[in-house]
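What follows is a short report on a single structure.
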Amino acid sequence: MPIPIDIDPSVAELAERTRQLVHDVVIPVEKETGGRVHDGPEKVRRRLQDAAREAGLLAPHVGRDWGGLGLNTLAQAVVFEEAGYSLLGPLALNIAAPDEGNMHLLEKVATEEQKRRYLAPLAAGEIRSCFAMTEPAPGAGSDPSALATTATRVPGGWRIDGRKWFISGARGAGFAICMARTSGAPGDRGGATMFLVDADRPGMTIERDIDTLDEGLFAGHSEIVFDGCVVGDEQVLGEVDRGFEYAQVRLAPARLTHCMRWLGLARRAQDIALERASTREAFGSRLAELGMVQQQLADSEIDLTASRALIHDTARVLDSGARGAQESAIAKTFVAEAVGRVVDRSVQICGALGISSDVPLSRFLREVRAFRIYDGPSETHRWAIARRAVSRHARHREGTAT
């Protein structure tokens, strides 16, 4: 993988150690499990994270005060891509969704006591977490303002009522970050609050696990019911009614880290296709010497390089302290679709082998398809990108006119 010239040599060394860990430890475990970890075998997670801890690679994105390596966003891009070369690499480094995004949010918003209680054990891999925002229709989904779950004031705290679904990693999680409406009504742009809810809290129940196309995210996706779940005031994350604002703290970086991880998997798919094209002979030539195969390989190289450039440029924007909403939306939309194209081409180049279980491409194809929906579907991002572009153009016109 090309390393940016502005990356510190120590980060390049971390990336190389990550590459070795993924090759020597993680990919063999991926082969053992077939990359299917929705049933959440805890011993697999422990085994992988113990290996990462021993290699000095656990939680590279978390500040050193809380047990991580304190990497900035650009450095994360380099290391996360190497981890993403295997479906289970992010799990090993404790940088998989939703825990990675939750750690970032807790580090930015939580009180010191909340960090000690939730962030420290989460970064150490002692517990897992989930982020409970998405709801069944007509509740919050692509439009968070449709939030219908409520939190009502009671003596000493809040009563949470509502239904959440597609909550990744909920099964076996130690706690949930639950988004609930504390003022206003569904459709209002404000009025949300985040709550830290321990998994054993009465009134929070996992009703079912959802059978999905993808199977590579640890513990899968669940539907959760909050029915009279009472939490104390000390469980409010941040300030009351500022939940949507805090969601933005999590959203742009989480979009980008998804891109980093999936880029690594797309690169592996391309490597599999290159190996097949270099060794398989048909029609008197190696596949790599046939024009149509060459075009597919070249297009995948272009997609990989363009994706990496967008990720790194957006990382620099976030590291500057800017919000990066437009840049992260563009990166997420392009990379989600580019990754799908690369994996699909790799399947096509490998032919019958590509759709067999002898290579992991068919597993990858199922996994990456969901990326165009998770963290906002491409259509929602395109709408937001266009809206910002029109607004920028209007401001430019007004400035020119005056």
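The values are calculated or read from the model by the stated rules, or taken from the named source; none is laboratory data. Quick caveat, the model's predicted, so the values are computed rather than measured. Here the Cβ is made from the backbone with ideal geometry for all residues, glycine too, and neighbour counts use every protein chain on show. The area values use the complete protein model at the heavy-atom level, side chains included, leaving out ligands, DNA and RNA. Shrake-Rupley method; radii C 1.70, N 1.55, O 1.52, S 1.80 Å.
A few points about this structure:
- Here the range 321-353 is scanned for amide nitrogen atoms under 20 Å from the site 7 Å beyond the Cα of Arg369 along Cα-to-Cβ, giving 333-353.
- Per residue solvent-accessible surface (Å²) - the chain, probe of 1.4 Å: 44
- For trypsin sites (Lys or Arg not before Pro), the sites in the range 172-250 that DSSP calls loop and that have at most 11 other Cβ atoms within 10 Å are Arg189.
- Using a cutoff of 8 angstrom between alpha carbon atoms and counting only pairs six or more residues apart, the relative contact order for the chain works out to 15 percent.
- Given their separation in residues at 0.36 nm each and the Cα-Cα distance between them, Ser183 and Glu234 gain 16.5 nm when the chain is fully extended.
- With the simple model of a label 7 Å out from the Cα in the direction of the Cβ, Ser285 to Ser357 spans 3.6 nm.
- Estimated from helices alone, the mean residue ellipticity of the chain at 222 nm is -15500 deg cm²/dmol (sum of -39500 (n - 2.57) over DSSP H runs with n ≥ 4, per residue).
- Between Asp209 and Ala146, the modelled labels are 2.7 nm apart [label points 7 Å from Cα along Cα→Cβ].
- Normalised Debye scattering of the chain at q = 0.07 Å⁻¹ gives log10 I(q)/I(0) of -0.33, counting only Cα atoms as equal scatterers and leaving out solvent.
- Qualifying lysines (Cα of each under 20 Å from Cα of Lys43; at least 8 residues distant if same chain): Lys31
- 3J(HN,Hα) from dihedral phi, the range 358-373, Karplus parametrisation 6.51/-1.76/1.60, rounded to Hz, x for glycine, proline: 6, 10, x, 5, 5, 5, 4, 4, 5, 5, 6, 4, 5, 4, 6, 10
- Stretched out straight at 0.36 nm per residue, the stretch from Ala386 to Glu42 would grow longer than its current Cα-Cα span by 119.5 nm.
- Calculated on the alpha-carbon coordinates, the convex hull of the range 1-147 measures out at 139 cubic angstrom per residue.
- Based on Cα contacts under 8 Å between residues 6+ apart, the range 165-255 shows a relative contact order of 36 percent.
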